[in-house]
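Asks: Starting off with a structure, shown below.
Values in this text are rule-based calculations from the coordinates and carry no lab data. Bear in mind the structure is a predicted one, so any value in this text is a computation, not a measurement. Cβ sites come from the backbone with ideal geometry, for glycine too, and all protein chains shown count toward neighbours.
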Amino acid sequence: MNKVHTGDCVELLKSVTSGSVHLVLSDIPYGISADDWDVLHNNTNSALLGSSPAQKKAGAVFKSRGKPINGWSEADRKIPKEYYDWCAKWAEDWFRVLKPGGSAIVFAGRRFSHRAVCALEDAGFSLKDVLAWIRPNAAHRAQRLSVVYDKRGDHENAESWKGWRVGNLRPLFEPVLWFTKPYPIGTTIADNALNHGVGGYNEDAFLKYEDSPDNILRSGFMKNEGGLHPTQKPVRLMQELIELTTQPGQLVLDPFSGSGSTLVAARNTGRQYLGMEMSEDYVRIAQQRLVDEMFPQEQFVEHRPKDTKEDVSQLRIVLTTE
């Protein structure tokens, strides 16, 4: 415990004692080809993750080519099922190592989160809720159809399709899937809390981070916190989920620990932690953060007075700073 281990979690999980973990909290790969480690399907096109001339001209926001939802070949129709199969490789061990009544909280992409839900349900988990983490600084990458037609010299259709775009609405939220391992039939959550130390949720702890006990999460990055991983999550956000579901001294597992935000959050809140990560580079970053990075607890738990314009302005600054 209290270490990040280098290797594939599918193999490393086999050595974790059954029923020893109180919370699994992980930002798993989304399967949307965000980077090499996120290509989880049998890719048949070498253009993936490359750059087209138009992307290079657009700059960093379009630096890497991803597949459109429609795909580039018939093989791409299998991507959602292949993502389910990948999740199923580790879901059963998550279920095995977790205590009865314990939570597994998973950050998942909007496109394939339903496949993660099915894989974990098939492994034995119950889906408790779907939370939403609000990202007010999310980039909007929807191309205008009129621009496409203008570049083709088709000015008549450019005018007809003015206001239409190719892509999605601005992605302001990420789904956070909250699963629980069923407790024994014939007992209650109250019994389970006494027998295994988990099952309920700590509303008082949650309200140190949020203004009300809603399933909308608004915790953002602290100053100078970001930039360590392409999909890095705020330590504050991970702390509120850890305090929501566990008690001090209990064990938090992150099988896809990346740059170590979950592990830092567990340490900050007095929990034991166990991390797993394939990339040696990110393991080193996580190890260094566990030595160096400690945000003062008062930065995370201060209450913000409500109902004034000044307070709303301060809240926006906290949420958008990276």
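Asks: If packing is taken as the mean number of other Cβ atoms within 10 Å per residue, what is the order of 233-240, 19-26, highest first? Numbers along the way, then the final one.
Replies: Working: 233-240: 24.8, 19-26: 22.9.
Averaged packing, sorted descending, gives the order 233-240, 19-26.
Asks: Continuing with the same structure: If neighbour count is taken as other Cβ atoms inside 10 Å, put 189, 28 in order from fewest to most. Working shown, then result.
Replies: Numbers: 189 13, 28 23.
Ranking 189, 28 by Cβ neighbours within 10 Å, fewest first, gives 189, 28.
Asks: Here is a further query. Sort 156-162, 86-92 by the packing proxy (mean of other Cβ within 10 Å over each peptide's residues), most packed first.
Replies: Numbers: 156-162: 13.0, 86-92: 19.6.
Listed from highest to lowest mean packing, they are 86-92, 156-162.
Asks: Right, another one. Could you list, in their original order, any pairs among 67/89; 78/223; 78/128 whose Cα atoms are separated by more than 31 Å? Provide the component values of the computation, followed by the final result.
Replies: Numbers: 67/89 24 Å; 78/223 41 Å; 78/128 28 Å.
78/223, as the Cα separations exceed 31 Å there.
Asks: If you average the C-alpha positions of region 171-201 and of region 216-249 separately, how far apart do those two centres end up, in angstrom?
Replies: Here the answer is 20 Å between Cα centres.
Asks: Could you list 9, 118 in order of exposure, starting from the residue whose Cβ has the fewest other Cβ atoms within 10 Å?
Replies: Values: 9 24, 118 16.
Arranged by neighbour count, lowest to highest, 9, 118 become 118, 9.
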